[in-house]
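Peer 1: One structure coming up, written as structure tokens, with questions to follow.
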């Protein structure tokens, strides 16, 4: 059975783990807008490129699925990394799977583009819009988490 002193020690220990985040500042409206804009621009340009591409429908579906898979994967990585930093328990298997799926989505895009009959400029376009979308998704998730933490502490 834990003593009162041990319980207080655990509470203080848990508070110190999250203290870096409790004192975080609120993301500016400009930064939040820029992150959401980058996400929509990246996703929209990727999808418009697919719509206008002269490839078979199953190829378009492959690239679209990779985009969705990559977005979900990077959000899972960002969330599990942030949870660990805040002292929220994350299982090693979920953390590992999140990283694995993120790397897999990037590799699947690279392999698909490597073997595709597309101009080099088109391959670059898909690679850059995919990268922009993934980075923006991480940033949007971070901003969302920061805003929630800021409003919770206000």
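Bear in mind these aren't lab numbers, they're just calculated from the coordinates by the rules spelled out. Please read all numbers here as calculations on a predicted model, not as lab measurements. All Cβ positions, glycine included, derive from the backbone under ideal geometry; neighbour counts span all protein chains shown.
Peer 1: Please specify each residue of the stretch 100-114 satisfying the condition of being free of Cβ contacts under 8 Å to residues at least 12 places away in the same chain and over 16 Å from residue 61 (Cα atoms).
Peer 2: 100, 103, 107, 114
Peer 1: Right, next: If residue 65 satisfies all but one of (1) free of Cβ contacts under 8 Å to residues at least 40 places away in the same chain; (2) surrounded by 13 or more Cβ atoms within 10 Å (Cβ to Cβ); (3) closer than 23 Å to residue 36 by Cα, what's the number of the condition it fails?
Peer 2: Answer for residue 65: the failing condition is (2).
Peer 1: So, residue 87, is that one touching a helix residue (DSSP H, G or I) at 6+ places or on another chain (Cβ under 6 Å) and surrounded by fewer than 19 Cβ atoms within 10 Å (Cβ to Cβ) or not? If you could, list the steps in order and put the result at the bottom.
Peer 2: Values: touching a helix residue (DSSP H, G or I) at 6+ places or on another chain (Cβ under 6 Å): yes; surrounded by fewer than 19 Cβ atoms within 10 Å (Cβ to Cβ): yes.
Against the criterion (touching a helix residue (DSSP H, G or I) at 6+ places or on another chain (Cβ under 6 Å) and surrounded by fewer than 19 Cβ atoms within 10 Å (Cβ to Cβ)), residue 87 qualifies.
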